[in-house]
Amino acid sequence: MFVQVLFFAAMKDHFSSQERLELTEESNVRGLRDFLLERKPEASSLLQVSRFAVNQVVVGDEFILQEGAIVAVLPPSSGG
C-alpha cells in the first residue's frame with residue numbers, strides 16, 4: 001500500500017518535504033512512525049513528539065492507514 005507523507009518545519013532537516021512510501025497492508029500510524037524511525041534514527045527525538053494527521057485530521061497511533069492516504073507529520077511548534 002502506498003501513502004503520501006508530508007513533512008514540515010524541522011522534519012525537513014531529515015526528510016524531503018513529501019515522500020511516497022510503500023507500507024505493509026493494515027499499517028497504522030504507529031507502524032509508520034516506526035518505519036520512519038528505522039529510515040532516519042537521527043530524527044528519533046523529533047518523531048517521538050510529533051503528531052500525525054491523516055487527510056487533514058489529527059489521529060492517534062492506532063489509526064489504520066488506507067491506500068492513498070495523505071499523512072502529515074506535525075512536529076511541535078512554538079512562536080510568538
The answer for Ala69, listing residues at least 5 apart or on another chain whose modeled amide H is closer than 5 Å to its amide H, is Gln4
Debye, to nearest 20: dipole size of region 2-74, +1 on Lys, Arg Cβ, -1 on Asp, Glu Cβ:
300 debye
Could you tally the net charge around Lys12, taking each other residue with its Cβ under 15 Å from the Cβ of Lys12, Lys/Arg +1 and Asp/Glu -1?
-1
Only helical DSSP H runs with n ≥ 4 go in: add -39500 (n - 2.57) per run for the chain, normalise by residue count and round the 222 nm mean residue ellipticity to 500 deg cm²/dmol.
-6000 deg cm²/dmol
Around Asn28 (Cβ within 15 Å, Cβ-to-Cβ, excluding Asn28; K/R +1, D/E -1) the net charge comes to -3
Relative to the compact-globule estimate 2.2 N^0.38 Å (N residues), the Cα gyration radius of region 2-74 stands at a ratio of 0.97
Compute the acute angle (0 to 90°) between the alpha-carbon long axis of helix 29-39 and the principal axis of greatest extent of the alpha-carbon atoms of the chain; round to the nearest 10°.
70 degrees
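Read the figures in this text as sums done on the coordinates, not as results from a lab. Computed from a predicted model, the values in this text were never measured in an experiment. All Cβ positions, glycine included, derive from the backbone under ideal geometry; neighbour counts span all protein chains shown.
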